[in-house]
Structures are given as C-alpha cells and as structure tokens.
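Below is one structure, written out as structure tokens, with a few remarks after it.
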Amino acid sequence: QVQLVESGGGLVQPGGSLRLSCAGSGGIFSVNARGWYRQAPGAERELVAGITRGGRTNYADSVKGRFTISRDNARNMVYLQMNSLKPEDTAVYYCNTFPHAIFPWGQGTQVTVSS
C-alpha cells in the first residue's frame, strides 16, 4: 500500500554535496522509524542512516560525520543531507523503514561521485 519515491540524486565531484528527499504515501510510513539505504554495483544493499519518530539518529561508520538524516513527520518526508561525498558513496539510494525495511522498495535515486 505504501509507495516510496526518492529524489535528489545526481552526478557530483568528490567533496561535493547532495540533498536527497523521500516522499511516502498510501500507508503509515510516517509513524515508523525511517532509514536511508544504498546499493553499489555488485554489492548488497546496506543501511546508511536511520531516524526514529522522536528524532534519534543512527549512522553507518562509513558516513558518520558527513551525512545527516532528518524527517518532517507532518509532511511524511525524510531527507538525507550528504556532504564531503566520496567515490565510495556512489550507489542507488533508497528510503524505507528502519532498522528493517518492511515496505516495497521504490526505484531509488542514483548518486554518482566522480571527478
């Protein structure tokens, strides 16, 4: 029932920034803790950041200090501010519930970090 739509990806140089957005509709996505996940070519999908409804955040060691997750419960939105991007951050980024994804995946948004 829930549809997740990610946006904001693109091509950036190392050290650049992007802000990703996730819109959820058709269910109770906003009442759950939320997370951002990513999948690089040939790799498993991994959790990179999570946020509870109360605002507690959690980050993978690989992105801690560079990425910031936030949410607007009233608007059913979640965001990921990505700074100091590295080539290793190149992946398709997805949003879902946290710490386990329970809704169907959206198509994701491609982030490519390359000079």
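Points to keep in mind about this one:
- Here each label is just a point 7 Å from Cα along the line to Cβ, and for Ala101 and Thr57 those points are 2.2 nm apart.
- Percent RCO, i.e. relative contact order, over the chain, from Cα pairs under 8 Å lying at least 6 residues apart: 37
- Computed FRET value (nearest 0.05) for Arg66 with Gln1, which takes r as the C-beta separation and R₀ as 41 Å: 0.75
- Note on segment 52-101: Cα convex hull, mean projected area over all directions, 4.0 nm².
- Using the alpha-carbon positions of the chain, Rg (one decimal) and Dmax (whole number) come out as 13.1, 40 Å.
- Annotation: for a label point projected 7 angstrom from Cα along Cα→Cβ of Arg45, residues of segment 88-113 with backbone N closer than 18 Å are 90-111.
Read the figures in this text as sums done on the coordinates, not as results from a lab. Not measured: the values here are computed from a predicted model. Neighbour counts run over all protein chains shown; Cβ positions are idealised from the backbone, glycine included.
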